[in-house]
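The block underneath contains the structure these notes are about, expressed in structure tokens.
Every read-out reported here was derived from the displayed coordinates using simple, explicitly stated rules and does not represent laboratory data. It should be emphasised that the depicted structure is a prediction, and the values quoted were computed from it without experimental measurement. Neighbour counts are summed over all protein chains in view; Cβ atoms, including those assigned to glycine, are modelled from backbone coordinates with ideal geometry.
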Amino acid sequence: MGTAPGAVVVLTGIHTGVVNVIEQLHHTEPPVDVTEWDDVVEVSFEAPHGRMIATPLMTDPPPDLLTLSFHGPGPYRLRVHARGRDNAVDLAPEEVVETYLLSVWPAPVAAEVVHKQTDAYGAGIRA
């Protein structure tokens with residue numbers, strides 16, 4: 001995962017295809033739950049214009065995506081939960097094999113926190 005002003009990049013294990021994405025917006029930091037996830041990492045991001053959405057890299061975003069920077073311009077925390085990234089690394093599966101939960105809340109900038117790291121793909125991209 002990487003960040004820059006106005007952008008956060010979350011890397012999938014698959015090369016091409018569809019993944020499940022669940023978005024949750026919170027007014028304060030939610031409790032950490034790692035029980036159903038392979039990888040749980042938290043980062044800060046800056047929304048300079050107040051309109052950040054999750055979007056695929058090479059296609060148009062679906063119309064029902066939430067505005068992650070729901071509190072307007074400023075700093076946020078993003079906790080990315082990942083499951084299934086080791087199932088089809090660098091492949092293009094026809095079925096959905098990866099799921100992501102994006103939890104977002106307004107918060108001051110802070111260091112990256114790795115809450116759980118059990119998938120090989122996540123460990124590899126952070127190495």
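Could you please find all residues in region 13-23 being exposed (fewer than 14 other Cβ atoms within 10 Å of the Cβ) and part of a strand (DSSP E or B)?
20, 22 - these are the residues of region 13-23 that are exposed (fewer than 14 other Cβ atoms within 10 Å of the Cβ) and part of a strand (DSSP E or B).
Give the residues of region 59-91 that are within 17 Å of the chain's Cα centre (by Cα), more than 12 Å from residue 22 (Cα to Cα), in a loop (DSSP other than H, G, I, E, B) and among the hydrophobic types (A, V, I, L, M, F, W, C), sorted by residue number.
Hit for region 59-91 is 70, nothing else.
Just the residues that are closer than 17 Å to residue 24 by Cα, surrounded by fewer than 17 Cβ atoms within 10 Å (Cβ to Cβ) and of a type in the set (S, T, N, Q), please, taken from region 45-92.
Correct list: 55, 67.
Within the group 29, 94, 36, 42, which residue is out of contact with any Cys (no Cβ under 6 Å at 6 or more places or on another chain), closer than 24 Å to residue 127 by Cα and not in a strand (DSSP E or B)?
Going through 29, 94, 36, 42 in turn, just one is out of contact with any Cys (no Cβ under 6 Å at 6 or more places or on another chain), closer than 24 Å to residue 127 by Cα and not in a strand (DSSP E or B): 36.
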